[in-house]
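Structure first, then comments.
Throughout, read-outs are computed from the coordinates displayed, never taken from laboratory work. What you see is a predicted model; the values in this text were computed from it and never measured. Please note: Cβ atoms are built from the backbone with ideal geometry, for glycine as well, and neighbour counts cover all protein chains shown.
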Amino acid sequence: MIPYSTQLIEEDDIAAVIEVLQSSHLTQGEKVNELEEGIARYVGVRHCVLFNSATSALHGAYAACDLTHDDEIITTPISFVATSNMAVALGAKPVFCDIKADGNMDETLIEALITSKTKAIVPVDFAGKPVAINTITSVAKKHNLLVIQDSSHAFGSATGGKKIGSLADMTIFSFHAIKPITTGEGGAVVTNNDEFARRLRLFRSHGIIKKQLWNSDMVALGHNYRLTEFAAALGLSQLQKIDRFIAVRDTIARYYNERFHNHPLFSIIPIGEDDVSARHLYPILLNPELHCVKEDIFSELQTRGIGVQVHYKPIYQNSFYKERFGEQRLHQTEHFYRSELSIPCHQKMSLEDAAHIADIFLEVLEKYAYRGCTF
Ligand SMILES: *Cc1c(COP(=O)(O)O)cnc(C)c1O
């Protein structure tokens, strides 16, 4: 099976981890600091605070801006549940904004969702394609809101010549195994705001500050959300490869784009000329006449070794959200969920793999196309 995404671990990654395993510090040493500096430099931002996942990083970001009961965030339903879950964990209510045809939050709909309780706008750069961050930040400024960008798909993405991570109040990255680079599990918040960075560090490690000798003081409620030294060593090694990984994924995506251009059964998602996508996913959007056979297409592709996936079931369709916040349907979101399939695109693939995948994909789609759907 060729998975839709996977890690690429090379000899030097392994050597970097082993070196730390044989050293004195498995946690709370220098590697985490070095990786934070490396990421901050790469993104072009003052602070990077590493966490042991993007989920804990999101928890930290929401806590750093005092998100609490009665607050609302405006976010996207086309994301992994963690984006809104960590706001709910602090008692806040997620208000879901409909999306555009590219899977990103529709920035033109945000303003109508703002209430006196809104605290932050939380967009997700779906598949690595940058959201309309300039419009989103100007809406936020006008209404005195924060922008917390969940860029778990978009480490290395850029827009208008600036890296994602330098454009919002706080930006979250994921270093989960299958994300753009990996530390196994891991995540980060990057920010230019000194106070947020200070609070994030406290939240990550029990809220404790060191005073002198044995004396320390716990000044805020915190967790143990620290990344290990060997994970950070893996991250440092992977960080050197980010541009190469993106180049490989981009070559595969451009190859698919050519093969799939103007296809009568499905469409692809174009990336703006001013944008760089980290190409975490390669999504295709089935035309409505294929929606009723999507399960068959999915199963047959899996059986034939193509590890497709669907990103995502709208967050509000999950039982927890329905029970807690009521039933909801957003038109574009529902349409996107019926259309979307992610096909393999990762740095371990060759162009021959991509050609093989494209061949099988087109063959399977054409096989089911004759059945047609009535709608
Ligand atoms: C993967 C992902 C997360 C969670 O990341 P972890 O590092 O696995 O906790 C959050 N948001 C989005 C959009 C993701 O894709």
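Which Cα, out of 339, 251, 38, lies furthest along the positive dipole direction of the chain (beta carbon charges, K/R +1, D/E -1)? After comparing all options, I get 38. Close amide H partners of residue 147, meaning residues 5 or more places away or on another chain with modelled amide H under 5 Å apart, are 121, 169, 170. A simple spin-label model places the labels of residue 69 and residue 46 3.3 nm from each other, with each point 7 Å out along Cα-to-Cβ. Segment 78-210: D in µm²/s via Stokes-Einstein (Kirkwood Rh, Cα pairs, 10 °C, 1.306 mPa s)? In µm²/s, the coefficient is 102.
Taking amide H as placed 1.01 Å from N in the peptide plane, the amide H of residue 99 sits under 5 Å from that of 106, 332, 333, each at least 5 places away or on another chain.
Taking a span of 24 Å or more along the helix axis (Cα atoms) and a mean Kyte-Doolittle hydropathy of at least 0.0 as the rule, the DSSP H helices of the chain that qualify are 351-369. Under 5 Å between amide hydrogens, built in the peptide plane, is the criterion, and for residue 184 it picks out 177 among residues at least 5 positions away or on other chains.
For the pair segment 60-85 / segment 252-300, the C-alpha centres are spaced 29 Å from each other. I'd like the distance separating the alpha-carbon centroids of segment 304-359 and segment 161-226, in whole Å. Each part reduced to its Cα centre gives a spacing of 29 Å. Here the gap between residue 198 and residue 116, fully extended at 0.36 nm per residue and compared with their Cα-Cα distance, gives a gain of 26.8 nm. The lysines within cross-link reach of residue 348, meaning a Cα-to-Cα straight distance under 28 Å and a gap of 8 or more places when in the same chain, are 31, 129, 162, 163, 179, 241, 294, 313. Between residue 244 and residue 90, the simple spin-label model (points 7 angstrom out along Cα→Cβ) gives 3.9 nm.
Once both labels are positioned 7 Å from their Cα atoms along Cα-to-Cβ, the gap between residue 274 and residue 320 label points is 3.7 nm.
Peptides 39-47, 209-217, 355-363, 122-130 ordered by packing proxy, namely the average of other Cβ atoms within 10 Å per residue, highest first: 122-130, 39-47, 355-363, 209-217.
With the charge dipole of the chain set up from +1 on Lys and Arg Cβ and -1 on Asp and Glu Cβ about the Cα centre, the Cα lying farthest toward the positive end among the listed residues 186, 208, 291 is that of 208. When +1 charges are put on Lys and Arg Cβ atoms and -1 charges on Asp and Glu Cβ atoms, the dipole computed for the chain relative to its Cα centre reaches about 720 debye.
In whole Å and largest first, what semi-axes does the C-alpha gyration tensor of segment 260-375 yield when each eigenvalue is scaled by 5 and square-rooted?
Result for segment 260-375: semi-axes of 25, 19, 15 Å.
Sort by residue number and name the cysteines in the chain that have no neighbouring cysteine Cβ under 4.7 Å. By the Cβ distance rule, which asks for a partner under 4.7 Å, the isolated cysteines are 48, 65, 97, 345. Maximal additional length on extending the residue 221-residue 141 stretch stands at 25.9 nm, based on 0.36 nm per residue less the C-alpha distance. Computed across the chain, the Kirkwood radius stands at 21.5 Å (inverse of mean 1/r, all Cα pairs).
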